[in-house]
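K.L.:
Dumping the structure here so I can ask a few things about it.
The values are calculated or read from the model by the stated rules, or taken from the named source; none is laboratory data. Source: prediction; values computed, not measured. All Cβ positions, glycine included, derive from the backbone under ideal geometry; neighbour counts span all protein chains shown. Calculation scope for accessible area: heavy atoms of the full protein, side chains included, ligands and nucleic acids excluded. Shrake-Rupley method; radii C 1.70, N 1.55, O 1.52, S 1.80 Å.
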Amino acid sequence: MGDKNIVARECYEQLLGYLKRFSSVSREGMEQLIPYLEIRQFDKKKKLVNQGEMEDYLSVVIKGLVRKYVASSIRGEVTLQLATEGHFIQSEISFHHRVPSEVVIQTLEPTVLVSIRHDHMNEAMNKFPEAEKLGRIIIMEMFTKKDARYFDQLNTSTRERFIEYMNNHPHMLQRVPQKVLASYLSIKPETFSRLKHLLLQKK
């Protein structure tokens, strides 16, 4: 029991560090939130939400890697998000509007999440002003990042998109299957392979 408490405390300390990027959340505010939070651990390739299921959690990745994708009959699996340590992950429309999910959320590595259920989030936001402020900031940040990524893909070439991503996230080549990375960057697998080969040649 003691070991579990130490692990939980470490997870919450990491979470506090991540949250401070968005808001000046206090340690007292974090302590108020802890009773509403859950630590969830999953093996590799575990589907957390499937298409047609309800998303009940807003989660932060403490350790591991989670993929969000949609299965298209025309384009196959289209990766919408790759969430690593410190990133939020959820099926947003399902979570906020309480409708079945259109996306699949799946771990790509053994993963530890700190999560809050939809009903617990609403209760905490109604009860604690600091939680309500933090919730609004997080939701705004998630939607802003989504739009920024969409416009970035519209305004950059395939080569520019590949180089920029690899410069900023070089470790992802080792962590993510090439086909998934190509899908995430909206690059054809054969083009991704060619660009990767050129990149490795330069090194």
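K.L.:
If I model a spin label as a point 7 Å beyond the Cα along the Cα-Cβ vector, how far apart are those points for MET54 and ARG175 in nm?
P.N.:
Those two pseudo-labels are separated by 3.2 nm.
K.L.:
With labels modelled as points extended 7 Å from the Cα through the Cβ direction, what inter-label distance (nm, one decimal) is found for ILE93 paired with GLU190?
P.N.:
Placing both labels 7 Å along Cα→Cβ, they lie 3.2 nm apart.
K.L.:
Please get the size of the charge dipole for the chain, origin at its Cα centre, with Cβ charges of +1 on Lys and Arg and -1 on Asp and Glu, quoted in debye to the nearest 20.
P.N.:
Details: 31 positive and 25 negative charges, 199 e Å.
In total the dipole reaches around 960 debye.
K.L.:
Okay, moving on. Report the calculated FRET efficiency for ASN126 and ALA8 (r = Cβ-Cβ distance, R0 = 25 Å), to the nearest 0.05. Show your work: numbers first, answer last.
P.N.:
Working: r = 25 Å, r/R0 = 0.98.
Computed FRET efficiency for ASN126 and ALA8: 0.50.
K.L.:
For an R0 of 35 angstrom, estimate the FRET efficiency from the Cβ-Cβ distance between SER157 and SER73 and round to the nearest 0.05.
P.N.:
Details: r = 28 Å, r/R0 = 0.80.
Computed FRET efficiency for SER157 and SER73 comes out at 0.80.
K.L.:
Mind scanning LYS46/LYS127; LYS20/LYS179; LYS45/LYS133; LYS45/LYS188 and naming the pairs with a C-alpha gap bigger than 31 Å? Let's see the in-between values first.
P.N.:
Values: LYS46/LYS127 34 Å; LYS20/LYS179 34 Å; LYS45/LYS133 34 Å; LYS45/LYS188 23 Å.
Beyond 31 Å between Cα atoms: LYS46/LYS127; LYS20/LYS179; LYS45/LYS133.
K.L.:
Something else about it: Which order do PHE192, PHE42 take when ranked by solvent-accessible area (1.4 Å probe, heavy atoms of all protein chains), largest first?
P.N.:
PHE42, PHE192
K.L.:
If you count only protein heavy atoms and use a 1.4 Å probe, how large is the accessible surface of TYR18, to the nearest 10 Å²?
P.N.:
The accessible area of TYR18 comes to roughly 40 Å².
K.L.:
Give me the accessible area of GLU141, 1.4 Å probe, in Å² rounded to the nearest 10.
P.N.:
Approximately 60 Å² of GLU141 is accessible to the 1.4 Å probe.
K.L.:
Need one value: the accessible area of ILE187 in square angstrom, 1.4 angstrom probe, rounded to the nearest 10.
P.N.:
That residue has around 10 Å² of solvent-accessible surface.
K.L.:
Considering the dipole of the stretch 1-116 built from charges on the beta carbon (Lys and Arg +1, Asp and Glu -1) around the Cα centre, which of LEU15, GLN106, GLY76 is farthest to its positive end?
P.N.:
GLY76
K.L.:
How large is the translational diffusion coefficient of the chain in µm² per second when you combine the Kirkwood radius over alpha carbon pairs with Stokes-Einstein at 25 °C and 0.890 mPa s?
P.N.:
Values: Rh = 18.3 Å.
My calculation gives 134 µm²/s for D.
K.L.:
With +1 assigned to the C-beta of every Lys and Arg and -1 to the C-beta of every Asp and Glu, and no other charges, what is the dipole magnitude of the stretch 11-111 about the Cα centre in debye, to the nearest 20? Could you put the intermediate results ahead of the total?
P.N.:
Working: 13 positive and 13 negative charges, 60 e Å.
Rounded to the nearest 20 debye, it is 300 debye.
K.L.:
Per q in 0.22, 0.24 1/Å, what log10 I(q)/I(0) does a Debye calculation on the alpha-carbon atoms of the stretch 103-149 return?
P.N.:
-0.95, -0.99
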